[in-house]
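Structure first, commentary second.
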Amino acid sequence: MYESDDREPAESLATADLLTERGSAAERKAARDCDPYDGASAFPESLEPDASETPRAAMVRVGVTVALVVGPFLGLVLAAWMAWGRNFTYTDLGLAVGLYVVTGLGITLGFHRGATHGSFRPKPPLKLALLVSGSLAFQGCLVDWVATHRRHHAFTDRPGDPHSPYRYGTGAWAQIRGLAFAHSGWLFRNDPTPPERYAPDVLADPMMVRVSGYFPALCVVSFLLPAVVGFAVSGSLHGALTAFIWAGLARVALLQHVTWSVNSLCHMVGERPYATRRFDRATDLWPLAVLSFGESWHNGHHSDPSCARHGRGRHQLDISASVIRGMERLGWMNNVRWPNADATARRATARTPEQ
Ligand SMILES: [Zn+2]
Ligand SMILES: [Zn+2]
């Protein structure tokens, strides 16, 4: 959505859904009146995934997902254990922090605020750099990431949302299950989001399609790079191994879990100062603000999805927005959608209906 117009993400969907932002007020009210979801019950079983997948295909899908999710996490545990024995070098830590920042900004600027929401328009070299950086984060290819996230905005915390923590209902046990599901359980489901419907603009962009196609190769690069640098600096295989564990596995795992916490915790815990759409329970969660580069100001984001700044309050530190501001001043991007003070004030005083 980099080459985007003024539409909201939900309005750019190829197929209209009256339960999203589309249609007149009367049409949306009519859709709500016949909508069976009450904001508290478990999502209906009719939305269970398509059962046409063969057992073999399911095994491959789950196996790949386990490798991408569990592998880095084991690396994070291993790194914690190594830290206890001071088994790391400043090269390992420097590489880990550097790659965390580069891939983290690749996700927040490249995949999220740029490609998904069209919050700014970068010059082509910057656009390529951001999309490649995001692809190094082990969070799926660009096309799928954008499609899934737009679907999340279109059906936030209601049936159709790919990763709502309210999926099993609002009772205590349902909330615990829902939190695990929203964090990473949803990744294991056979519930693909059709990019033809949710990301037609991405599919029409040759650079985006090409970067998306290189996702498997970029995963290999993401792991290989720290090992090669570690070897070059230390001259030993041990140096290559510790750099791989710290700046490869542990760095990927930390960013994955911070990003997934925005899906899980930032729809359950925290403040909700700004009005959002019906049933949308996105929250602002300050403890994650620095590690998520401002993405945990999620209530502010859901209240105005295409805005380049997610932290809406004066003291809400939003590192991604600061980087966007710097890049705008350097002339690397334009058409940045900065918050409108009047609209923000209106959202702060408006109430989200029926919650
Ligand atoms: Zn959300
Ligand atoms: Zn978003």
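None of the figures in this text is laboratory data; all of them are computed from the coordinates on show. Keep in mind that this is a model prediction, so the values were computed, not measured. So basically every Cβ, Gly included, is an ideal-geometry build from the backbone, and we count neighbours across all protein chains shown.
Things to note:
- Reported count of residues in the stretch 265-291, each being closer than 21 Å to ASP38 by Cα and not hydrophobic (A, V, I, L, M, F, W, C), is 8.
- Residues of the stretch 152-211 that turn out to be within 30 Å of LYS127 (Cα to Cα) and aliphatic (A, V, I, L, M), as a count: 11
- Once the stretch 270-319 is narrowed to residues that are of a type in the set (Asp, Glu) and touching a Phe, Trp or Tyr at 6+ places or on another chain (Cβ under 9 Å), the residue that is farthest from ligand 2 (Cβ to nearest atom) is GLU271.
- Restricting ARG325, ARG251 to those that are more than 16 Å from ligand 2 (Cβ to nearest atom), buried (at least 24 other Cβ atoms within 10 Å of the Cβ), basic (Lys, Arg) and assigned to a helix (DSSP H, G or I) reduces the list to ARG251.
- Among the residues of the stretch 183-196, the ones that are part of a helix (DSSP H, G or I) and surrounded by 15 or more Cβ atoms within 10 Å (Cβ to Cβ) come to 5 in all.
- Residue match in the stretch 210-231 (condition: closer than 20 Å to ALA182 by Cα and within 19 Å of the chain's Cα centre (by Cα)): no
- Selected residue (criterion: farthest from GLY39 (Cα to Cα)) from residues of the stretch 109-136 that are away from ligand 2 (no atom under 16 Å from the Cβ) and among the small types (Gly, Ala, Ser): ALA129
- Taken over the stretch 156-178, the criterion of being of a type outside the set (Ser, Thr, Tyr) and either within 13 Å of ligand 2 (Cβ to nearest atom) or surrounded by fewer than 19 Cβ atoms within 10 Å (Cβ to Cβ) (or both) is satisfied by GLY160, ASP161, PRO162, HIS163, GLY169, GLY171, ALA172, TRP173, ALA174, GLN175, ILE176, ARG177.
- Scanning the stretch 117-155 for residues that are within 15 Å of SER306 (Cβ to Cβ) and within 16 Å of ligand 1 (Cβ to nearest atom) returns HIS117, SER119, VAL146, HIS149, ARG150, HIS152, HIS153, ALA154.
- When the residues of the stretch 262-287 are filtered to those that are assigned to a helix (DSSP H, G or I) and either free of Cβ contacts under 8 Å to residues at least 12 places away in the same chain or within 11 Å of ligand 1 (Cβ to nearest atom) (or both), the one that is farthest from GLY104 (Cα to Cα) is HIS267.
- Filter result for ARG337 (surrounded by fewer than 23 Cβ atoms within 10 Å (Cβ to Cβ), away from ligand 2 (no atom under 16 Å from the Cβ) and either assigned to a loop (DSSP other than H, G, I, E, B) or not hydrophobic (A, V, I, L, M, F, W, C) (or both)): no
- Scanning the stretch 288-307 for residues that are in contact with an Asp or Glu (Cβ under 9 Å, 6 or more places away or on another chain) and either touching a residue at least 60 places away in the same chain (Cβ under 8 Å) or crowded, with 24+ Cβ neighbours inside 10 Å (or both) yields a total of 13.
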